[in-house]
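Notes follow once the structure below has been shown.
The values are calculated or read from the model by the stated rules, or taken from the named source; none is laboratory data. The model shown is predicted, which means the values in this text are computed figures rather than measured ones. Cβ placement follows ideal geometry from the backbone for every residue including glycine, while neighbour counts extend to all protein chains displayed. For the accessible areas, the whole protein counts, side chains as well, though only heavy atoms, and no ligand, DNA or RNA atoms are used. Shrake-Rupley method; radii C 1.70, N 1.55, O 1.52, S 1.80 Å.
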Amino acid sequence: MVQTAMERETVIVLDFGGQYNQLIARRVRECNVYCEVYPYTIGLEKIKEMAPKGIILTGGPNSVYGEDSALCEKGIFDLGIPVLGICYGAQVMALLLGGKVTAAPVSEYGKTEVETDKTAAVFAGVSEKTICWMSHTDYIEKEPAGFQVTAHTPVCPVAAMECADKNLYAVQFHPEVMHTAEGVTMLKNFVKNICGCAGDWKMDSFVETTIQEIRKKVGDGRVLLALSGGVDSSVAAGLLSRAVGKQLTCVFVDHGLLRKNEGDEVEAVFGPEGDFDLNFVRVNAAERYYEKLSGVTEPEQKRKIIGEEFIHVFEEEAKKIGAVDFLAQGTIYPDVVESGLGGKSAVIKSHHNVGGLPEHVDFKEIIEPLRNLFKDEVRKAGLELGLPEHLVFRQPFPGPGLGIRIIGEVTAEKVRIVQDADAIYREEIANTGLDKGMGQYFAALTNMRSVGVMGDGRTYDYAVALRAVNTDDFMTAEAVDLPFEVLQKVMGRIINEVKGVNRVMYDLTSKPPGTIEFE
């Protein structure tokens, strides 16, 4: 039986503009509790209508005592609904309830040892000394009346506080990121123990509900989907195919920026010989993209060009197909938050399938069935839909493709180099079995050329950078400690087999401070 919106228990996240806001929702859903994100300005009446089991206040980039500070209504703390403030959200709670927030004498950033009160509800089952991710320049100097301090560090007197009588809780650190060792336990304590959620929201209910919503919205209309063959667009195609069948046309734009042989592989899965009940159109547009990208080096400009050209191709295909009512896209939550559309979050990078549509688009409406899901949830939905595992668990690939794995100008020659290097890297990782469970790994082409020696001759060629990270949410990531002998083998093959490369490097950067992709 499919749960309705009124029947399912919900925790809501109020967004103050930080970069981990959608990640909080993802962590709540790990507890099998449905969670939605809203701007902090949502208002008390709307919150009362939703009747959430709990409220979480997120981090944010402002100072609570600044002129343009983002503050929610104080009445939120009087609703009787459990509230958890995180970082900036903790400071908002402290300020509005009479505590004191000031600039910290010593800012804290990164992994920090925090001493906890194990009798506090949020810290049930958590170590007395635990590693947490701090990211703040202000701090709570004095907790509000009625609150008890439940955690501290040598330089942060109120690393956590609670007023159990009013079900109000706050932590100065970020329990939602993987760098906080026992953060999942803390959030589970809040969602399950404090809010009393049963945890009965499952991915099958999302799939069935979404299929019903798509059928209702589309009616007898026609849908055009941007199909890249990646996990997101493939799962979107599966959902739409289940919902509307042949009313769906999937247009696969081969922009010449795909991995080696990938265009043909996509056609084999979704084309006429594949198992999907949909209309498939392949557009070979490589030369068109190379021309548009000629001389362009700035990453944001490359993304915009690739994204806009992507939509122009759809416009052209829509005219050939005839009347098309809806444009569907495989947008997921990380795309939205990193594009700065999840509140007042800072823009990290734009995504080709989020915003930025040309003015003249011949579609009534955009359908984004995966917009509220994280990557791991998208995979679960794919399995629920019956998609093959090799497709569901294939390596993630950005919409702009190799255009953002080539630093600087994109040319056909550079595309060949990175395709060949990446194919060797992925083949060797698979040969060792290290690909099982690894988050993401790929080769990128740097814009650095250096002197080398091959045989008896001098070379002046490009450097390839290898990347491998472990992540379960794609909002945070750690570099994989690959065996040195594997890296050596990959290096040897790339330098010997890929013309134009004389140096191979391995990127150790985590996210944050870096991103998973290079641009």
Leading residue by the ranking (modelled with the lowest pLDDT) among those in region 385-394 that are outside any helix (DSSP H, G or I) and open to solvent by less than 30 Å² (accessible area, probe 1.4 Å): 387
Where residue 431 falls short, out of the listed (1) within 26 Å of residue 390 (Cα to Cα); (2) touching a residue at least 60 places away in the same chain (Cβ under 8 Å); (3) not aliphatic (A, V, I, L, M): (2)
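So which strands (runs of 3 or more DSSP E) stay within region 154-254 end to end and still have 3 or more residues that are more than 26 Å from the chain's Cα centre (by Cα)?
Working: elements: 160-163, 168-171, 223-226, 248-254.
Ranges flagged: 160-163.
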Residue under evaluation residue 372, criteria (1) within 14 Å of residue 236 (Cβ to Cβ); (2) touching a strand residue (DSSP E or B) at 6+ places or on another chain (Cβ under 7 Å); (3) polar (S, T, N, Q), criterion not met: (2)
Per-region count, region 89-102, residues in a strand (DSSP E or B) and open to solvent by 60 Å² or more (accessible area, probe 1.4 Å): 1
Evaluation of residue 259 against (1) on the phi > 0 side of the Ramachandran plot; (2) in contact with a Leu (Cβ under 8 Å, 6 or more places away or on another chain) (one fails), failing number: (1)
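So that you can scan it fast, the table gives a plain yes or no per residue for (1) over 21 Å from residue 194 (Cβ atoms); (2) touching a helix residue (DSSP H, G or I) at 6+ places or on another chain (Cβ under 8 Å); (3) open to solvent by 40 Å² or more (accessible area, probe 1.4 Å); (4) free of Cβ contacts under 8 Å to residues at least 12 places away in the same chain:
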{"residue": "39", "(1), (2), (3), (4)": "yes, no, yes, no"}
{"residue": "50", "(1), (2), (3), (4)": "no, no, yes, no"}
{"residue": "59", "(1), (2), (3), (4)": "no, yes, no, no"}
{"residue": "87", "(1), (2), (3), (4)": "no, no, no, no"}
{"residue": "104", "(1), (2), (3), (4)": "yes, no, no, no"}
{"residue": "116", "(1), (2), (3), (4)": "no, yes, no, no"}
{"residue": "122", "(1), (2), (3), (4)": "no, yes, no, no"}
{"residue": "132", "(1), (2), (3), (4)": "no, yes, no, no"}
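From the list 407, 429, 417, pick out the single residue that is touching a strand residue (DSSP E or B) at 6+ places or on another chain (Cβ under 7 Å) and farther than 18 Å from residue 261 by Cβ.
The match here is 407.
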The lone exception for residue 147 - which of (1) under 30 Å from residue 243 (Cβ atoms); (2) touching a residue at least 12 places away in the same chain (Cβ under 8 Å) it fails: (1)
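Take region 431-444 and flag every residue that is of a type in the set (Gly, Ala, Ser) and assigned to a strand (DSSP E or B). Reasoning before the result, please.
Pass one, region 431-444, residues of a type in the set (Gly, Ala, Ser): 433, 437, 439, 443-444.
Residues satisfying the conditions are 443, 444.
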Criterion: buried (at least 24 other Cβ atoms within 10 Å of the Cβ) and in contact with a Lys or Arg (Cβ under 9 Å, 6 or more places away or on another chain) - qualifying residue of 158, 171: 158
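What do you reckon, is residue 25 in contact (Cβ under 8 Å) with a residue 12 or more places away in the chain, out of contact with any Cys (no Cβ under 9 Å at 6 or more places or on another chain), open to solvent by less than 60 Å² (accessible area, probe 1.4 Å) and not in a strand (DSSP E or B)? Let's see the steps before the verdict.
Numbers: in contact (Cβ under 8 Å) with a residue 12 or more places away in the chain: yes; out of contact with any Cys (no Cβ under 9 Å at 6 or more places or on another chain): no; open to solvent by less than 60 Å² (accessible area, probe 1.4 Å): yes; not in a strand (DSSP E or B): yes.
The answer is no for residue 25.
Against the definition (surrounded by fewer than 16 Cβ atoms within 10 Å (Cβ to Cβ), touching a Gly at 6+ places or on another chain (Cβ under 8 Å) and among the hydrophobic types (A, V, I, L, M, F, W, C)), how does residue 14 come out, yes or no?
On the way: surrounded by fewer than 16 Cβ atoms within 10 Å (Cβ to Cβ): no; touching a Gly at 6+ places or on another chain (Cβ under 8 Å): yes; among the hydrophobic types (A, V, I, L, M, F, W, C): yes.
Criteria not met by residue 14.
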Complete set of residues in region 73-85 that are farther than 20 Å from residue 121 by Cα and open to solvent by less than 10 Å² (accessible area, probe 1.4 Å): 76
Counted residues, region 406-423 - those being within 14 Å of residue 449 (Cβ to Cβ) and hydrophobic (A, V, I, L, M, F, W, C): 3
Single residue of 254, 232, 220 found to be buried (at least 23 other Cβ atoms within 10 Å of the Cβ) and acidic (Asp, Glu): 232
Restricting region 488-506 to residues that are open to solvent by 30 Å² or more (accessible area, probe 1.4 Å) and within 17 Å of residue 469 (Cβ to Cβ), the residue that is farthest from the chain's Cα centre (by Cα): 505
Residue selected from region 428-480 under the condition of a type in the set (Asp, Glu) and modelled with pLDDT under 95, by the criterion farthest from residue 26 (Cα to Cα): 456
Residues that are surrounded by fewer than 22 Cβ atoms within 10 Å (Cβ to Cβ) and either of a type in the set (A, V, I, L, M, F, W, C) or modelled with pLDDT under 90 (or both), drawn from region 398-416: 407, 412
Residue in region 496-503 that is at pLDDT 95 or above, within 26 Å of residue 306 (Cβ to Cβ), of a type in the set (A, V, I, L, M, F, W, C) and assigned to a loop (DSSP other than H, G, I, E, B) present: yes
Pick from region 134-150, criterion outside any loop (DSSP other than H, G, I, E, B) and open to solvent by 50 Å² or more (accessible area, probe 1.4 Å), ranking: farthest from residue 88 (Cα to Cα): 148
All positions within region 395-430 that are hydrophobic (A, V, I, L, M, F, W, C), over 18 Å from residue 297 (Cβ atoms) and in a loop (DSSP other than H, G, I, E, B): 397
Residue tally, condition closer than 20 Å to residue 178 by Cβ, surrounded by 15 or more Cβ atoms within 10 Å (Cβ to Cβ) and not β-branched (Val, Ile, Thr), over region 422-471: 8
Selection from region 484-505 of residues that are in contact (Cβ under 8 Å) with a residue 24 or more places away in the chain, within 18 Å of residue 435 (Cα to Cα) and among the charged types (D, E, K, R): 489
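Quickly run through region 445-490 and pick out the residues that are part of a helix (DSSP H, G or I) and touching a Phe, Trp or Tyr at 6+ places or on another chain (Cβ under 9 Å).
487, 490 - these are the residues of region 445-490 that are part of a helix (DSSP H, G or I) and touching a Phe, Trp or Tyr at 6+ places or on another chain (Cβ under 9 Å).
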